[in-house]
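Step one of this worksheet: look at the structure below.
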Amino acid sequence: MSDLVVENLVAGYGDARVLHGVHLTVGEGEICAILGPNGAGKTTLLRALSGMVKARGTVRLGGADLSGRSPDALARQGVAHVPEGRGTFMPLTVEENLRLGAFVRRGKAQVEADLARIHAYFPALRTRLKQTAGSLSGGEQQMLAIGRALMLRPRLLLLDEPSLGLAPLVTRELFRIVQAINQEERTTVVVVEQNAHLALGIAQQAHVLETGRIVLSGTAAEIRADEQVAQSYLGYRV
Ligand SMILES: Nc1ncnc2c1ncn2[C@@H]1O[C@H](COP(=O)(O)OP(=O)(O)OP(=O)(O)O)[C@@H](O)[C@H]1O
C-alpha cells in the first residue's frame, strides 16, 4: 500500500519554477531513494514535502491530505525533515537539541522514552549529552540531526544528503542505522543522496529526478540495472 502519494507537485522560488509536476508514490514503511544531477530539484522536493517551500499539487500521507500545509502542521502529522547541512543548533547541547525535536510531543514520560530510544540507536550521543552540538564531529552532528527528527516519532522521514562531508566508514554506519530505524519503526523514508550505491543499497525503490521531473522510477534493483543510471550515478556500465 502506498503511504506517501505525490501528484503533480509544482514548486520553486519566486518566479523560478523548479519542480514541474512531480508524481511519485512510496510504499508504507519503505525506503525511497531520490537520485539526480546537481540542481535537479531534489532538495526542493524535500522542502516542498515538509512545507519549507510553498508547493501546488497533492501530497497525501497515510491517506490524509497534507497538500499546502504549513511546516508546523506537517510536523504534527509526522513529517520530519533532516535538511542538507543538518540544521542542528550549534551553541545548544546535544540534549537540548534532542528535546527541541519533541516540540509536538506531549508528556514528560513520552519524551524521556523517546530520548532513551534515540540513545539506543545512537550510543555516541548518549555519552555527549552535555556537549554542545558544535563540538561534535560531522558524523555525530548528522546522528544528532536524525535523532532530533526521531523525537517526532515520524511517519515520514526526509533525509537530504546524509552522507555529505562524512568519511565512508561513518556514512556506512549512518545508513545502517537509518535502515534499522526503518525496519524497527516502519518509518517511511525518502532519502536524497549523491552516493547512489549507498542509497540503492538500503532502498526498496528509487526515482531519478532531472530538471524538476521524475524521469525514471522503479525498484532499487531496476534502477541499478539501468544503463543511464549506472553511467551517470554509479560510475560503471551495466
Ligand atoms: N533558496 C533558493 N532560492 C532560489 N533558488 C534556489 C534556492 N534553492 C535552490 N534554488 C535553485 O533551485 C534549483 C534546484 O535546486 P535544488 O537544491 O533543489 O537541487 P538539487 O537537486 O538538490 O541539487 P544539489 O544536488 O546541487 O543539492 C537550482 O537551480 C537552485 O539554484
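The values are calculated or read from the model by the stated rules, or taken from the named source; none is laboratory data. As the structure is a computational prediction, the values presented were derived from the model and not from experiment. Heads up, the Cβs are rebuilt from the backbone with ideal geometry, glycines too, and the neighbour counts pull from every protein chain shown.
Okay, residues lined up against (1) at pLDDT 95 or above; (2) surrounded by 22 or more Cβ atoms within 10 Å (Cβ to Cβ); (3) within 16 Å of the ligand (Cβ to nearest atom):
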site	(1), (2), (3)
D160	yes, yes, yes
V170	no, no, no
V189	yes, yes, no
L209	yes, yes, yes
Q228	no, no, no
Y233	no, yes, yes
V238	no, no, no
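Taking the numbered list (1) more than 30 Å from K54 (Cβ to Cβ); (2) free of Cβ contacts under 8 Å to residues at least 60 places away in the same chain in turn, R76 passes all entries but (1).
The residue of the stretch 99-119 that is farthest from V192 (Cα to Cα), among those that are in contact (Cβ under 8 Å) with a residue 12 or more places away in the chain and part of a helix (DSSP H, G or I), is V111.
Counting residues in the stretch 132-144 that are among the β-branched types (V, I, T) and part of a helix (DSSP H, G or I) gives zero. Say we look at the stretch 167-197 and pick out the residues that are out of contact with any Leu (no Cβ under 9 Å at 6 or more places or on another chain) and among the hydrophobic types (A, V, I, L, M, F, W, C); which of these is nearest to P123 (Cα to Cα)? The selected residue is I177.
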